[in-house]
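Colleague: Please read through the structure below; I'll follow up with questions.
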Amino acid sequence: EVQLVESGGGLVQAGASLRLSCAASGFPSDDYAIGWFRQAPGKERESVSCITIIDGSTYYADSVKGRFAISSDKAKNTVSLQINSLKPEDTAVYYCATIGLMGYQACRPDAMDYWGKGTLVTVSS
């Protein structure tokens with residue numbers, strides 16, 4: 001019953017900014033973690049950022065620190081990812097995923113239970 005819907009992707013020039021959103025529904029409580037992950041063509045899915053809703057604790061992959069910022073709107077069950085200074089290597093399908101807080105051990109793709117369909121971010125040089 002849990003559903004995740006990503007939005008905000010698109011085609012942009014290098015150096016531009018995007019704000020991605022992940023709307024969660026059907027989750028029985030506010031005690032969960034939501035993460036952003038991405039998968040580029042020919043690459044494995046990798047972690048981008050995660051946040052625990054109850055206390056706002058965050059994790060960022062080294063590759064995105066300083067350019068990406070994750071935030072949550074607890075009342076709306078929505079998590080956003082602000083992406084600045086986009087680079088061509090950021091091109092990927094961006095997915096959000098979630099897991100109950102008690103099951104959250106690490107911001108890794110294989111640690112998540114529910115996934116959205118993804119939103120495509122394409123960055124041209």
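The values are calculated or read from the model by the stated rules, or taken from the named source; none is laboratory data. Predicted, not measured: the structure shown is a model, and the values here were computed from it. Here the Cβ positions follow ideal geometry from the backbone for every residue, glycine too, while neighbour counts run over all protein chains shown. The protein model used for the area step is the full one, side chains on, heavy atoms only, and it has no ligands, DNA or RNA in it. Shrake-Rupley method; radii C 1.70, N 1.55, O 1.52, S 1.80 Å.
Colleague: Could you tell me whether residue 70 is part of a strand (DSSP E or B) and within 20 Å of residue 8 (Cα to Cα)?
Modeller: In short, yes.
Colleague: State yes or no: is residue 111 open to solvent by less than 40 Å² (accessible area, probe 1.4 Å), among the small types (Gly, Ala, Ser) and modelled with pLDDT under 95?
Modeller: Here the answer is yes, as residue 111 does meet what is asked.
Colleague: Do you know which residues across region 37-86 are of a type in the set (Val, Ile, Thr) and in contact (Cβ under 8 Å) with a residue 40 or more places away in the chain?
Modeller: Listed by number, the residues that qualify are 48, 52, 53, 54, 78, 79, 83.
Colleague: Ok, one more. If you go through region 84-96 one residue at a time, do you hit one that is modelled with pLDDT under 95, farther than 16 Å from residue 122 by Cα and open to solvent by less than 50 Å² (accessible area, probe 1.4 Å)?
Modeller: No, that holds for no residue.
Colleague: Select from region 29-43 the residues that are surrounded by 13 or more Cβ atoms within 10 Å (Cβ to Cβ) and small (Gly, Ala, Ser) and write down the one among them that is nearest to residue 122 (Cα to Cα).
Modeller: Only one residue fits best here, namely 40.
Colleague: Moving on to the next point. Quick check: is even one residue across region 83-96 part of a strand (DSSP E or B), out of contact with any Cys (no Cβ under 6 Å at 6 or more places or on another chain) and within 12 Å of residue 33 (Cα to Cα)?
Modeller: Taking every residue of region 83-96 in turn, none turns out to be part of a strand (DSSP E or B), out of contact with any Cys (no Cβ under 6 Å at 6 or more places or on another chain) and within 12 Å of residue 33 (Cα to Cα).
Colleague: Tell me which of these residue 12 doesn't satisfy, since it passes every other one: (1) surrounded by fewer than 15 Cβ atoms within 10 Å (Cβ to Cβ); (2) among the β-branched types (Val, Ile, Thr); (3) at pLDDT 95 or above.
Modeller: For residue 12, the failing item is (1).
Colleague: When region 97-106 is examined, which residues are found to be outside any helix (DSSP H, G or I), open to solvent by less than 60 Å² (accessible area, probe 1.4 Å) and over 19 Å from residue 119 (Cα atoms)?
Modeller: Residues satisfying the conditions are 99, 100, 104, 106.
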